[in-house]
1. Please name which of A:Asn70, A:Gly175, B:Ala150 has its Cα lying farthest along the dipole of the protein assembly as shown towards the positive end, using unit charges on Cβ (Lys, Arg +1; Asp, Glu -1) and the Cα centre as origin.
2. Note the direction-averaged projected area, equal to a quarter of the hull surface, for the Cα convex hull of chain B, in nm².
3. In this model, which of A:Lys15/B:Lys98; B:Lys15/B:Lys211; A:Lys21/A:Lys230; A:Lys15/A:Lys98; B:Lys23/B:Lys230; A:Lys98/B:Lys15 are farther than 18 Å apart at the alpha-carbon?
4. Can you give the charge dipole size of the stretch A:8-80 about its Cα centre, rounded to the nearest 20 debye, using +1 on the beta carbon of Lys and Arg and -1 on the beta carbon of Asp and Glu?
5. Once R0 is set to 45 Å, what does the formula 1/(1 + (r/R0)^6) return for the Cβ-Cβ distance between B:Lys46 and A:Asn209, expressed as a FRET efficiency to the nearest 0.05?
6. Among A:Met200, A:Met224, A:Val95, which residue has its Cα positioned farthest towards the positive end of the charge dipole of chain A, with +1 placed on the Cβ of Lys and Arg, -1 on the Cβ of Asp and Glu, and the dipole taken about the Cα centre?
7. Treating the point 7 Å from Cα along Cα-beta-carbon as the label, what are the nm separations from A:Thr28 to the other copies, to one decimal?
8. Connecting C-alpha atoms closer than 10 Å in a GNM of chain A, tell me which of A:Arg162, A:Arg83, A:Arg226 has the biggest fluctuation.
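Read the figures in this text as sums done on the coordinates, not as results from a lab. Note that the structure is predicted; figures quoted are calculated from it, not measured. Reconstructed Cβ throughout: ideal geometry from the backbone, glycine too, with neighbour counts over all protein chains shown.
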2 protein chains.
Amino acid sequence: MLELYHGGPGANSLKALLPLKEKGLEFTSHVLNLLQFEQHEPWFVKINPNGQVPVLVHDGKVLTESTVINEYVDETFQGIPLRPPDAYGRAQMRVWTKFVDEYFCPALSFLGWYAMIRTAVRDLSPAEFEAKVQRIPLKEQRDKWRESAAQVWTPQQLDDWRRRVRASIQRMEQGMAGPWMLGSQFTLADVSLFSMLIGMPERYADIVNQKGSPRVVDWYSRMMERPGVKAALAIPRPSREFLETQQKAEAAARGHPEATPRNQAFRP
Amino acid sequence: MLELYHGGPGANSLKALLPLKEKGLEFTSHVLNLLQFEQHEPWFVKINPNGQVPVLVHDGKVLTESTVINEYVDETFQGIPLRPPDAYGRAQMRVWTKFVDEYFCPALSFLGWYAMIRTAVRDLSPAEFEAKVQRIPLKEQRDKWRESAAQVWTPQQLDDWRRRVRASIQRMEQGMAGPWMLGSQFTLADVSLFSMLIGMPERYADIVNQKGSPRVVDWYSRMMERPGVKAALAIPRPSREFLETQQKAEAAARGHPEATPRNQAFRP
């Protein structure tokens, strides 16, 4: 029995979905709307006390942390091997997955939250928002929700995260062995990096483009052709649909002061 | 042929030393004085372009990142196994090693640098210090040296890192299966955690003590009795000896304005 609790095909949830699809494994998919705080509901916190997705449940064993889940899945299940057969290759792979977790993902995540959270919570009054936040188990996550809703981050912080994202892409460009990150084998390094890259050629066209990072762009195209990737990307992502609805509402309200969102207290 | 470049038995260098000693492996030890910037010398940057220790060189293959090095060593060499035999056990181990790298170590490291760097560089004029810093390959490391020498971090930041260190110890206390972190087997989870804990019962007695974290204190005592741990701790740590010399000079200069250190420009 294999179950994945996730937020749909984006970021760390995409990271955990990809190996399952690449290996063609059957699993029960539980999709949560992360922008409506479903991962902090009491029923889910019973499964993962940190209130974070993705979570893999395999025969009753609960696994957290997408990078850890992916090594477990590759060690445990048949299908295409996603780690190099030699210890040195696995070490090189882990330098990449670690780099994503410690450097690339945090920078990209702060930028994404800054762009997204205020709009996502526009229907909540400050008191309603605070009630949602207070259910979040991890202090660092509570801080991140509050700070991104209030948009307190300085232009210097935003610039620094953007610099880190740019540095991450350049590190990929220089390290790309081709056709996959480590060479001829598709591995969890590709999985981790692609989970961050998804959508970047559109949203960060000044950073990911044919001129500045041609090898990354070509790799991205190859990734998009993989049947496992296509299958993962076809899974619903309720937080994105929810965000798009909120963005439309926000756009429609522009120039209509009477339609000021309830969370105006968050406005800078 | 096995070589380790490291800073002696502390933090991430201790993390890489422990498995080599636990397995009883022969290796050539290259100790660098990290507080005299030896890891940024051109000869070392040729080995690791990031200018960071530890680095393991095995038959010409260069491995970086202590957590990655340790899995490589356990996969490659005979001796006591340092990872659980089952995939779920390895996943649990990796949740701990990841937690150390992403949460515990950064908080402890900022506190340590704040307490240490200004004193360590007291003999350098600002221009000499800046020349040293400009050789550091990673921008984040350059920032960390400059900020800790100038002690620009706010009491709020210091309090927050201290809170994270306290939270890390409490997480250990609650998660300790005993006698080792994961239960009956000594693993890389113990290695990673101990590399951070070393010296904490003395330096952070308000956080690590018999009353507040008895299981951690007992585990620490068991760790200190291991022959592999004793062997690793017996290795010289030139940065510590250097720091102690600088601390004595600083203490002797107190009340003697004529002995003001050259780096007075860093004083807040």
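1. B:Ala150
2. Working: hull surface 59.3 nm².
Answer in nm², one decimal: 14.8.
3. B:Lys15/B:Lys211
4. Numbers: 5 positive and 9 negative charges, 22 e Å.
Magnitude of the dipole: close to 100 debye.
5. Numbers: r = 32 Å, r/R0 = 0.71.
Using R0 = 45 Å, I get an efficiency of 0.90.
6. The Cα lying farthest towards the positive end belongs to A:Met200.
7. Ordered by distance, the counterparts are at 5.7 nm.
8. Maximum fluctuation in the GNM of chain A, among the listed residues, is at A:Arg226.
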